[in-house]
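Here, each number is a calculation from the coordinates, and none is a lab measurement. Note that the coordinates shown come from a computational prediction; the quantities given were computed from them, not determined experimentally. Positions of Cβ are generated from backbone atoms using ideal geometry, with glycine treated the same way; all protein chains shown enter the neighbour counts.
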Amino acid sequence: MSEREATIFSLIQSCCSEVILNEGSGSFSIQVPSEKLVFVMEHLKKSESLAFVMLLDHLAVDWKEMGEFELVYQLYSFKLDQRIEVTTKIPRAIPNAHSVSRIWPIAEWQEREVYDLFGIYYINHPDLRRLFLEDDWKGFPLRKDYEDPFMLELVKE
Amino acid sequence: MSWEIQTIADRAAGATSMAEVGAYLVLGVVLGLAIVSLMGLILNYSERKICAHIQCRLGPMRVGFHGLLQPIADGVKLLFKEDISPRNADRLVYIMAPFISLLATFLIVVTVPFSPLVQIADLNIGVVYVAAVSGFGVLGVLLAGWSSNNKWSMMGAMRAGAQMVSYELSAVLALLTVVLLSQSLKLSEVVLSQEQGWWIFRAPVVGLVACVIFFVASCAEINRTPFDLAEGESELTAGFHTEYSGLRFALFFLAEFVNMFLVSAMLVTFFLGGWMPFHLGGLTGFNEVMDLLPPGIWFLGKVTVVVLLFMWVRWTFPRLRIDQVMNLEWKILLPIGFANLFLTSIVVLLDLYLF
Amino acid sequence: MIEVGSLKARMESTPGGLKTEEYFVNMGPQHPSTHGVLRLVLKMDGETVREVIPVLGYIHRSIEKIAEHLNGRQIVHLTDRMDYLSSAMNNWAVSLAVEEALQIELNPRIETIRTIVAELERIQSHLLWWGVLGIDLGAVTTFFYGFRDREMITDILEETTGARLTLNYIQPGGLMFDIHPHFVKRVKEVLAHLKIKICEYETLLSENVILQNRLRNVGILTSEKAISMGSTGPVLRGSGVALDLRKQKPYGVYGSVEFDVPVGSVGDSWDRYWVRVEEIRQSMRIIEQLIDNIPEGKFMVMKPAKKLTLPKKSYFGQVETARGILGVYIQGCEKEEPHRVHFRSPNFNNLWVITQIAPGGKMADLVATLSTLDLVIPDIDR
Amino acid sequence: MAVEENSFLLTTVDALVNWSRANSLWPLAFGTSCCAIEMMMASTAARHDIARFGAEVVRPSPRQADLLIVAGTIVKRMASRLKRLYEQMPEPRYVMATGSCTIAGGPFYYNSYTTVRGIDEIIPVDVFVPGCPPRPEGLFYGLLVLQRMIKEGESVAQPGVRRKPVMAALPPAMTLKDIQKEIAALLVERSEVKTRGVSPNRIWEERA
């Protein structure tokens, strides 16, 4: 972690002490408890010293063994010329997360994509529908336990 | 040199027996149809070839010598193609629309003076007739778009309707300029009045301005780029003929090409002397040399040049937006047209001809 | 007869003026100007677009699921088929992520060749966009001119990589093949040819008054909106934000070459047009600086038989493609196959811009705006 | 009036009609992904120029098209649209499947939950052009094969009777069925490829 990243991290921690560094990432990454997510995100965007105004990407990772979904947000700040990865973990059994679409409008569609493929329900999302698949599609295909006879899964031995 | 004008209608009027009248009638109709279909084939082929060469391609090459038989292959194919009419279409109107479109073109062909001896009918209100009948084409397009029961067709038809009716005004204003200059509504007399020089040259500036206005307006009337909004492929899939297939589509195709020929013929007749050879008033020696070529050749030559110009414009320019099209007509072309008409009357009153 | 005054009074008396009925039109999935199988549901009022609702998924091929079953080397060929017009850059993004995971050091030859090939791809992608823009606006001839010159670049790429479109050239650890012996000569020929042709194109299309009228002040995207929609690439730069990863986070040898980042001012379609045409020039400038001094060395630093076992960590490789920032998120789990692969496609974010800037414009403006956004639909759907 | 099966009149008309159909195949502008770019390259770019075969009149409306060039992957969601487009085309209509995705699913064959593995599951195909994506020359060869098929194949007396589909770049005697049989045999033979679950709408297993 470089010096600048350390200062950014301390700035974030000053607003919410529960934020920790995420070791499981190759780049500068923080982990936020899921109930604090919207608060931290708002701070990341609105704080003048941070100003992460651009939400580059949002995705989910299915950790089936651990019974968790990991949500990953990639943010970018023009002011600091820095990308930051914000991750949060939600239980796999109750896949509910808070929507950040009020903060970044593009999140509305990115969250729709994640909902479509992982079945994560975003609270306060304005229009949570499937994005790529038909509305009557059964199951969420990118989950590790998704099974579909149409899929012709290649089994390696 | 004095030109003797004899149309087929004149000959029929001077005929001695009913059989002869009938023969002339048949000749007239056959001639009209032949011109329409032949022009359709020739222009289709040349459009494809010319656009190919503008775009560094070869164009049709495989059927006949340099693809000469390509339009025939297309025609036969379209003739034998299944003819679908959408379930909720207004069937009668749907079937009639292409014929109405073609009828308008056919009715104008009747009056075109190809040469002093080749003209089917020479009406004494020729200009009024042309202006009136050419408005008929809009009807076909509008009906086609409306009866197809398709939103894209409808939008195309509405665009075409608005655009063609508007530009009709400018085109007629430009024609009125020439009517003022030649002081006749008869097409043959319009041609004859250019014996001292074509109006585009003889009338100072006003002739040229009227010609340009007519060119732009007729470009819009026949729906060619930059005014091809009615069938703008990238916007409205295929515009008013989206739902047409087979022969009916071919008729629209044909009407489009023949319209291009007719508009060029009208432009030539009114501004470039029709079949009249290139004359300069006063230079009798020069004029006699020019008269050596027969008038029919002069006419076709000039039409070819104008058609080439139309094609060149089409394959070079992007398309306008609908509001820009309307602005161009109502805010630019129409005022200029009126001013031009006013100036022309001054030219005629004061006899300010160049030669 | 209705007097004009009374009509005006009536229009004013009804709230919101004289109402016309709005209707829905389905544009796509098969429509010539959506460049693929994008479907836009348009709410129209006559010729005016009131609302645009994009509907996706008509080419969702589940690339992310397939990639979970392939190893790092094999994923590359899937990225070719996402944004097929900047396939080399897509390959590069995967390679960057995998190389970061395996800590592979590359030699300067690989970096230089990668840069040249990527810039060639960028030029051909922009040339194709230029041609298709012409056809969307009704100037068909530009299409043929753009494709003619694109063909020359395709030839060079084919000689070296063996493919015309889906290159599969940049691999984790180096390149698929070494460059063809004629590569340098051919590239120089094409650059000399393009320099003349670009000026010709400017006179044919850019300086045309109709084109200017069609693009200027159409589809204005302010920089705030562009940032909040997460758009990148020429779309963002056209709005006046100079975000270019090649400058910001130089990868390859971009750090050592000189080039400018063209930036628009208003953010209308014309700015986006201009930025792309200017980018062709800048790409040519980059290639010119590199083509004469490609260093010697190996074209592959990793043994082909080496197992690409990814550590249990996530990696995010990002490159600037012809359309914006492509990010590849790879989550390894001590196996050859990654646990999760995600592509942050530039077109996905750029598409949503249309919902913000098209309403209020005419139908023809929508087509022009779509065209200047330069979307590749398979990249959105993946 | 009864006309004999092989009367001079009918065969001449047949020849004329088939000649015209073969030489004026207007394609429908239908491309979904990468193959579409190569199709554009073939159909329009100055070097290749499909206009030489009289097939450059790309119609955006299926009503006016004769040839449906399916260029690019077809996924489940698009399948119904493809079928609808095909149904909107007037007879006689021809279908050309370009690229491995349209032939068999291509690189998206395994582990894909949306890709349709071969468009012949949805619509009848006349010519297959392999490649990923096929070169413009490949597309031309497919077009020429189709032209030959049309010239030999149809008759006014028996409309709709068609030859079997051919693989453009393979020997002309090879049909789709042969290839499908071969693939099925290979899949059974190669033990390292095991598939979990068999899609109900895969028909090649039943055929083999």
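Here are the numbers for this structure:
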quantity: Neighbour-count ranking [beta-carbon atoms within 10 angstrom, fewest first] of C:Arg186, B:Arg314, D:Arg63; calculated: C:Arg186, B:Arg314, D:Arg63
quantity: Cα principal axis extents for segment A:3-146, largest first, Å; calculated: 48, 31, 23
quantity: Spin-label proximity, B:His66 to segment D:41-76 - amide N less than 18 Å from point 7 Å beyond Cα toward beta carbon; calculated: D:51-54
quantity: Check: the protein assembly as shown dipole with +1 on Lys, Arg Cβ and -1 on Asp, Glu Cβ, in debye; calculated: 960 debye
quantity: Between helix A:37-46 and chain A: long-axis angle, C-alpha atoms, 0 to 90°, nearest 10; calculated: 50 degrees
quantity: Extreme residue, positive dipole direction of the protein assembly as shown, given options C:Met176, A:Met41, C:Ile123 (C-beta unit charges); calculated: C:Met176
quantity: Most positive-pole-ward Cα, B:Pro318, C:His77, D:Tyr141, against dipole of the protein assembly as shown from beta carbon charges; calculated: C:His77
quantity: Candidate lysines - alpha carbon under 23 Å from C:Lys43, same-chain residues fewer than 8 apart omitted; calculated: B:Lys151, C:Lys19, C:Lys225, C:Lys362
quantity: Contact order normalised by residue count of chain A, Cα under 8 Å, 6+ apart, percent; calculated: 17 percent
quantity: Neighbouring partner chain Cβ atoms per residue of C:63-69, average, 10 Å criterion; calculated: 6
quantity: About the Cα centre, charge dipole magnitude for segment C:256-327 (Lys/Arg +1, Asp/Glu -1 at Cβ), debye; calculated: 880 debye
quantity: Listed pairs A:Lys79/C:Lys313; C:Lys247/C:Lys303; A:Lys89/C:Lys335 exceeding 26 Å between Cα atoms; calculated: A:Lys79/C:Lys313; C:Lys247/C:Lys303
quantity: Calculated SAXS-style log₁₀ I(q)/I(0) at q = 0.10, 0.19 Å⁻¹ - segment C:147-255, Debye, Cα scatterers; calculated: -0.51, -1.15
quantity: Alpha-carbon spread of chain C, three principal axes, descending order, Å; calculated: 87, 49, 33
quantity: Nearest-ten-degree value, helix C:363-373 long axis tilted from longest Cα axis of chain C; calculated: 20 degrees
quantity: For A:67-79, mean number of other protein chain Cβ atoms within 10 Å; calculated: 2
quantity: Furthest towards positive pole of dipole, C:Leu204, C:His60, C:Asn293, structure part chain C, Cβ charges; calculated: C:His60
quantity: Bins of 5 Å, starting at 0 and running to the largest distance - Cα pair percent for segment D:8-169; calculated: 2, 10, 19, 22, 21, 14, 7, 4, 1, 0, 0, 0
quantity: Spatially proximal aspartates and glutamates relative to A:Lys144 (Cα-Cα < 15 Å; intrachain offsets below 8 disregarded); calculated: A:Asp62, A:Glu65, A:Glu68, A:Glu70, A:Asp116, A:Glu153, C:Glu64, C:Glu68, C:Glu337
quantity: Kirkwood-based shape ratio for chain B, expressed as Rg/Rh from alpha carbons; calculated: 0.98
quantity: Nitroxide proxy distance, nm - points 7 Å out along Cα→Cβ at C:His193 and B:Asp83; calculated: 4.9 nm
quantity: Per-residue average of Cβ from other chains inside 10 Å of A:25-35; calculated: 3
quantity: Segments B:199-208, D:111-120 sorted - mean Cβ within 10 Å per residue, highest first; calculated: D:111-120, B:199-208
quantity: Between helix A:107-118 and chain A: long-axis angle, C-alpha atoms, 0 to 90°, nearest 10; calculated: 40 degrees
quantity: Ranked list, fewest to most other Cβ atoms within 10 Å of each Cβ, for C:Cys199, B:Cys56; calculated: C:Cys199, B:Cys56
quantity: Assigned charges on the beta-carbon of Lys, Arg, Asp, Glu; chain C dipole about Cα centre (debye); calculated: 680 debye
quantity: Relative contact order of chain C, pairs being alpha-carbon contacts under 8 Å that are 6 or more residues apart, as %; calculated: 25 percent
quantity: Order of B:Trp152, B:Trp3 under a 10 Å beta carbon neighbour criterion, fewest first; calculated: B:Trp3, B:Trp152
quantity: Zone of A:Ser49's modelled label, taken as backbone nitrogen in segment A:1-28 under 11 Å from a point 7 Å along Cα→Cβ; calculated: A:7-15
quantity: Of the DSSP H helices in chain B, those whose Cα atoms cover at least 18 Å axially and whose Kyte score averages 0.5 or more; calculated: B:18-54, B:91-109, B:151-182, B:206-221, B:246-271, B:295-314, B:334-350
quantity: Efficiency of FRET between C:Glu51 and B:Met290 - r from beta-carbon atoms, R0 56 angstrom, step 0.05; calculated: 0.30
quantity: Unit Cα scatterers, Debye sum, the protein assembly as shown: log10 I(q)/I(0) for q = 0.06, 0.09 Å⁻¹; calculated: -0.53, -1.10
